[in-house]
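Working notes, beginning with the structure itself.
Read-outs throughout are calculated quantities, based only on the coordinates presented, and are distinct from any laboratory measurement. Predicted model, so just to flag it, every value in this text is computed and none were measured. Cβ: placed from backbone, ideal geometry, glycine included. Neighbour counts: every protein chain shown.
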Ligand code: NDP
């Protein structure tokens, strides 16, 4: 089967030659192990940080090893008492068509009402990220205004929809008219600002007539500064990501004074450090998807070979919704 390994660390932007495709033999499984054929690979922004050899919340990805990544697939051989052939599972098998597991960190999936791929998106890590930041950090009350950047993406799309369900005014920020139209028309946000249109401050002011009570920040830089300028007293900020800076761009905060003048609270978080809350969050997210009350969109690249290009594209905003790679 095929897998992609990290061949070299990027300098600035990621390039295709940072990855290497390898063909490896299908392993024999031992007692207590199982073999999974991956159907989808999730491509996520955090992988960009793992490619770097710098201090972060997680150890860097080793050169020559399979790129890290979440996957969903089907058990094709099992010598494990709890898993049988045909079971659908979610694991961390990386950029690889197959994987062997001892069952630890493997989650059995029920695909009766939730499609398999959604367990990598709205009902998986990105959805949980949205749920955590909204419910644990932003804690919006009905009637409050929340803003989320990268609003059409895997995480941002869930943030705004959960906020709407909690009676908030939800305003998104996204790149381009098409993404913004989707955020309002399909996802039901109250407004969405196209930061590429060149009127970010004025458009955001018009869309937040009562100011902003809570922000879910995915981008950083000018996008974040625009939200800061509109914050109400005692506003809360969930700092989830700063994707505009992942290639090493500096991320100064110009409007830092509002932290003082508006008595703001900002907290960064890493969703994988809060596993205790995942069952609760995933239950709500799964229920909403099954009931058709939480919508999502996917960009699906075909075949493992397409993963590097799709990943590089996602970091530039070419994805529209959750970026996946279909492996089978
Ligand atoms: P998305 O599906 O949102 O895809 C990334 C999007 O980021 C792009 O589509 C693009 O949207 C936007 N983007 C890229 N570059 C820029 C830029 N320079 N300026 C503005 N926007 C940009 O990805 P996810 O939903 O998976 O992740 C969203 C954020 O959440 C990321 O920052 C990620 O690191 C973070 N995250 C954090 C976690 C945590 O535990 N803290 C866990 C999971 C995700 P557009 O075209 O609209 O600009």
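Classify segment 257-328 from the C-alpha gyration tensor, please: rounded if a/c falls under 1.5, else prolate or oblate depending on whether a/b exceeds b/c.
Working: a/c = 2.26, a/b = 1.41, b/c = 1.61.
Cα axes put segment 257-328 in the oblate bin.
Computed on segment 162-205, the Cα convex hull volume stands at 56 Å³ per residue.
Separation of segment 58-124 and segment 1-57, taken as the distance between their Cα centroids, equals 13 angstrom.
Quickly estimate the mean residue ellipticity at 222 nm for the chain, helices only: each DSSP H run with n ≥ 4 gives -39500 (n - 2.57), and the total goes over all residues, rounded to 500.
Numbers: 9 runs with 77 residues, N = 328.
Helix-only estimate at 222 nm: -6500 deg cm²/dmol.
So how tilted is helix 154-165 from the main axis of the chain? Cα-based, degrees 0 to 90, rounded to 10. That helix lies at roughly 50 degrees to the long axis. In percent, what relative contact order does the chain have, based on Cα pairs under 8 Å that are 6 or more apart in sequence? In percent, rounded to a whole number, it is 17. In terms of packing, defined here as the mean over residues of other Cβ atoms within 10 angstrom, the peptides 26-35, 60-69, 139-148 line up highest first as 139-148, 60-69, 26-35. Please say if segment 1-137 is rounded, prolate or oblate, where rounded means a/c under 1.5 for a ≥ b ≥ c the square roots of the C-alpha gyration tensor eigenvalues, and otherwise the choice is prolate for a/b larger than b/c and oblate otherwise? The shape class here is oblate. To test your reading of the geometry: what angle, between 0 and 90 degrees and rounded to tens, separates the Cα axis of helix 278-290 from the longest principal axis of the chain? For helix 278-290, the angle is close to 80 degrees.
Taking every alpha-carbon pair under 8 Å whose residues sit at least 6 apart, segment 125-272 reaches a relative contact order of 22 percent. Overall shape: rounded for segment 125-272, with the ratio a/c of the largest to smallest alpha carbon gyration tensor axis below 1.5. Treating each Cα of the chain as an identical point scatterer and ignoring solvent, apply the Debye formula and state log10 I(q)/I(0) at q = 0.07, 0.14, 0.16 Å⁻¹. Once normalised to I(0) and log-transformed, intensities are -0.29, -1.10, -1.37.
Restricting to segment 183-328, what percent of DSSP beta bridges are antiparallel, rounded to 5? If you can, show how the numbers build up before the last one.
Numbers: 0 of 14 bridges.
Counting DSSP beta bridges with both partners in segment 183-328, the antiparallel share is about 0 percent.
Need one number: % antiparallel among DSSP beta bridges in the chain, to the nearest 5.
Numbers: 27 of 53 bridges.
Bridges in the chain that DSSP calls antiparallel: roughly 50 percent.
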